[in-house]
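Take a look at the structure set out below.
The values are calculated or read from the model by the stated rules, or taken from the named source; none is laboratory data. It should be emphasised that the depicted structure is a prediction, and the values quoted were computed from it without experimental measurement. As a convention, Cβ positions derive from the backbone with ideal geometry for all residues, glycine included, and neighbour counts pool all protein chains shown.
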Amino acid sequence: MAERIKMEYLPWEVKEKPYQPERNIYYETIFTLGNGYMGVRGCLEEGFEPEDDTYPGIYIAGIYDNYDGEYVELVNCPEIFGVDVWIGQHKLDMKKGKLVDYTRCLNMHEGTLTREFVWVDPDGNSTKFYWQRFISMSNVHMSCLRLRIVPIDHSADIKVQTRLNGDVFNRRQRDYPPIKRIIPNYHLDTVECGPFEKKVALLHTRTKTTGIDIYQLAAIMTVDNTPVDNEVNEKCVRQTMTFLAKPGQEVGFDKLVETYTSRDASIDEIRLLARKEICSAQDIGYDGLLKEHIKRWDKIWENADIEIEGDIASQQGIRFNIFNLIQANASDDPYVNLPAKLLSHTRYKGNAFWDTEMFMFPFYVFTNPKAARNLLMYRYNMLPGARKNAKRRGLRGAMYPWCSAHDGSEQCETWEYGDCEIHITADVAYALDQYIQATGDEEFLVNYAAEIYIETARFWVDRVTWNPRRGCYTILTVKGPDEYCAITNNNMYTNYMAERNLELAEKAVSYLKENYPDKWEKLSQDLQWKDEELEKWREVRQKMYKNWDKEKNLLIQDDLFMDKQEEDLSKYKDRKMPVLEIIGYERVMRVRILRQADVIHLMYLLNDSFDYDQKLTAFNFYEPLTTHDSSLSYCIHCIMAAELGMREKAFDYFFKTCRLDLDDEMDTACTGLHGASMGGTWQALVNGLGGMRITDGKLSLKPILPSSWNKVTFNIHFQGRVIKATIKPDETELCLLKGEPLSLLFNGELVQLDQSKLNVKTS
């Protein structure tokens with residue numbers, strides 16, 4: 001793949017030093033800040049040219065709008081941090097003049113982005129700049145920007161102009177020859193724009209088709225109380241300040257922006273809320289708001305941090321992944337999910353995929369169960385859309401969309417994925433079970449999960465086909481996790497996961513009947529339940545087709561896989577692009593290669609359904625055939641390699657997924673962060689190197705520490721407890737930080753953990 005980015009390894013920081021304009025769009029992604037409510041790409045405040053090498057974006061969770069009259073995408077919301085600066089006659093431009101001592105730094109512990117440099121303008125005058133921004137974690141509606149300017153060797157007339165700008169659009173990029181252009185999608189209409197009161201600007205916009213109001217107030221606080229002038233046009237209000245600064249004199253401003261939408265409350269209510277909070281923010285001031293923000297991050301890191309001793313590169317990488325998983329999740333909103341690119345880009349239209357349940361969700365389950373519950377509540381709230389998706393295809397029950405946005409309808413533009421990559425429905429059911437096992441949340445099972453189980457089970461019973469020749473049920477016309485396969489029959493990941501979905505549904509129905517008869521009575525009436533459905537579920541589950549090569553003890557990925565032409569992957573060892581782009585889609589579908597883990601992923605998820613030899617056989621067969629052209633692949637291979645005792649191979653895969661975005665391993669960071677890989681990285685460490693599983697209702701650990709690590713420490717939330725694990729090469733320390741004593745499995749042995757520390761031999 002692409003040559004890795006070279007950067008300094010630091011435990012809590014990510015730095016650009018020196019300035020690297022050729023990697024501008026990469027750094028815009030890497031320096032994304034957010035708080036779950038919104039995300040802001042790390043674009044330069046003064047802008048960047050040419051437009052092909054920048055991707056400005058501010059995204060608010062749940063704000064979608066239609067384009068092309070059918071599909072929706074995450075909306076690029078009004079610009080809040082844009083600033084133009086003139087030093088005398090010269091406008092600040094990073095490509096003009098000279099830069100000295102340039103550093104841009106993401107501080108992950110504090111959740112801040114700073115930029116410092118000295119700009120020598122074309123006249124030879126030196127001016128020092130200091131920028132800082134943060135998106136508040138203590139008040140999710142607040143965003144803050146600071147600019148300080150100091151002339152070093154000259155007196156200067158300084159003009160600064162910041163804007164609240166609704167003249168923005170979504171960029172649809174066309175990169176293929178002979179066309180290379182940006183196609184704009186405009187999603188916002190301006191309702192109101194102008195000064196609100198002294199030093200406060202107002203912008204009220206509304207999405208064109210979904211009709212969501214975005215209401216923003218921007219307050220300016222200037223050094224020495226310098227006056228602020230307003231310039232207004234139809235879509236933008238500019239706030240302008242002028243300073244006369246002597247050598248060594250500091251000037252500048254703080255900007256506080258309050259953002260509300262009609263998803264929060266009615267337009268009348270958000271007007272009042274925004275006004276009240278912007279006044280309060282002015283009283284607190286930038287420094288006070290920053291202090292509250294950092295305090296909140298301190299609390300978050302106490303719970304979610306992973307400490308690695310002996311490997312600073314992995315330490316930086318795992319914290320970067322955790323940082324972005326936290327700042328992208330609207331943990332209190334049950335009507336939004338996690339876009340595949342988090343809140344860093346509009347790639348894939350800002351839709352959610354199986355990436356959430358299979359890759360990112362475990363992080364939240366075991367670090368922030370409340371956030372995990374809300375992600376599942378999103379699926380429950382989107383159940384009407386899933387029912388419509390099934391009905392549209394002539395099927396009963398609920399079919400979750402491959403691409404999901406604001407209402408649960410299918411947003412995928414191609415039938416190959418939208419109609420065929422149906423394992424997403426079973427993935428949702430799997431996540432429900434994982435949450436219930438990890439938390440013991442019985443109320444969620446009874447009031448929400450059971451309904452999803454039933455409706456998804458109905459879908460699978462209608463979706464299978466009886467094969468009289470084989471004497472079993474098959475699932476035809478599907479696409480599994482390996483997206484280098486063509487449309488096939490009986491993808492084993494799909495078949496096994498559908499079977500598990502049916503099993504979970506059967507257990508849920510039986511549990512409600514026995515323990516909550518009144519709840520069951522109402523639910524069965526609402527869903528027009530018939531008792532014979534349960535018998536059908538059992539029949540389909542028990543007779544689901546399993547494609548085993550008994551001689552090789554190998555689970556075959558799908559009905560077509562072994563008929564494909566063998567391909568020598570060593571030919572592509574030094575490639576700079578995915579195999580697909582080298583040999584083309586038609587050939588990729590005809591040769592025996594994989595884009596990512598498929599059978600291996602299945603064996604990780606349904607760990608107890610396969611023995612060691614079956615897993616080893618599958619790994620040895622499929623791993624050499626895997627191109628890892630998907631960002632979802634390294635993490636799963638790490639987990640399975642660790643389980644099989646392949647220490648160094650496991651670590652190699654861990655390092656690749658851990659630093660996938662920081663090192664731009666796949667040369668695609670320009671199109672946003674890889675949320676699934678980030679969640680997968682957490683799994684690779686905790687479930688892979690840490691060997692964490694839930695086995696027969698008990699927490700289980702079986703660590704395999706990389707030879708270069710001195711120790712690793714992480715917390716696990718499990719059934720109301722918080723457990724701290726400190727793993728060293730020879731010894732593991734377990735400490736119960738919260739909750740009642742429990743028994744757990746360590747290296748297969750049952751141990752008792754109470755309030756005291758427990759030391760056990762690592763291996």
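Structure values in brief
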quantity: Residue that is surrounded by fewer than 20 Cβ atoms within 10 Å (Cβ to Cβ) and under 21 Å from Pro56 (Cβ atoms), where the choices are Asp101, Asp123, Asp93; calculated: Asp93
quantity: Given (1) assigned to a loop (DSSP other than H, G, I, E, B); (2) under 23 Å from Tyr55 (Cα atoms); (3) under 27 Å from the mean Cα position of the chain (by Cα), index of the condition Arg115 fails; calculated: (1)
quantity: Residues within the stretch 416-441 that are farther than 22 Å from Leu606 by Cα and without any contact (Cβ under 8 Å) to a residue 24 or more places away in the chain, tallied; calculated: 1
quantity: Complete set of residues in the stretch 21-78 that are of a type in the set (A, V, I, L, M, F, W, C) and touching a helix residue (DSSP H, G or I) at 6+ places or on another chain (Cβ under 6 Å); calculated: Ile25, Cys43, Phe48, Leu74
quantity: Complete set of residues in the stretch 31-49 that are farther than 22 Å from Glu116 by Cβ and in contact with a Phe, Trp or Tyr (Cβ under 7 Å, 6 or more places away or on another chain); calculated: Met38, Gly39
quantity: Strands (runs of 3 or more DSSP E) contained entirely in the stretch 1-79, each with at least 2 residues that are at pLDDT 95 or above and acidic (Asp, Glu); calculated: 13-16
quantity: Whichever residue in the stretch 58-76 is in contact with a Leu (Cβ under 9 Å, 6 or more places away or on another chain) and farther than 18 Å from Asn329 by Cβ and, among such residues, is surrounded by the most Cβ atoms within 10 Å (Cβ to Cβ); calculated: Val75
quantity: Residue that is in contact with a strand residue (DSSP E or B) (Cβ under 8 Å, 6 or more places away or on another chain) and buried (at least 17 other Cβ atoms within 10 Å of the Cβ), where the choices are Glu234, Glu277; calculated: Glu277
quantity: Answer from Val751, Val712, Val722, Val686 - the residue that is surrounded by fewer than 17 Cβ atoms within 10 Å (Cβ to Cβ) and either within 30 Å of the chain's Cα centre (by Cα) or assigned by TED's automatic domain parsing to the domain that holds Lys576 (or both); calculated: Val722
quantity: Residue within the stretch 562-573 that is in contact (Cβ under 8 Å) with a residue 40 or more places away in the chain, surrounded by 11 or more Cβ atoms within 10 Å (Cβ to Cβ) and more than 18 Å from Asp598 (Cβ to Cβ) present; calculated: yes
quantity: Condition check for Arg393: at pLDDT 95 or above, touching a helix residue (DSSP H, G or I) at 6+ places or on another chain (Cβ under 9 Å) and farther than 28 Å from Thr439 by Cα; calculated: yes
quantity: Qualifying strands (runs of 3 or more DSSP E) (wholly inside the stretch 197-290; at least 2 residues being aliphatic (A, V, I, L, M)); calculated: 200-207, 213-222, 236-245, 251-261
quantity: Ile723 being closer than 17 Å to Ile306 by Cα, at pLDDT 95 or above and touching a Lys or Arg at 6+ places or on another chain (Cβ under 8 Å); calculated: no
quantity: Yes/no for Lys128 being assigned to a strand (DSSP E or B) and not aliphatic (A, V, I, L, M); calculated: yes
quantity: Residue match in the stretch 640-651 (condition: under 24 Å from the mean Cα position of the chain (by Cα) and in the same structural domain as Asn495 (by TED's automatic domain parsing)); calculated: no
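Residues are listed down the side, and each one gets a yes or a no for (1) under 26 Å from Asn467 (Cβ atoms); (2) assigned to a helix (DSSP H, G or I); (3) at pLDDT 95 or above:
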{"site": "Gln528", "(1), (2), (3)": "no, no, yes"}
{"site": "Val540", "(1), (2), (3)": "yes, yes, yes"}
{"site": "Asp559", "(1), (2), (3)": "yes, no, yes"}
{"site": "Glu586", "(1), (2), (3)": "no, yes, no"}
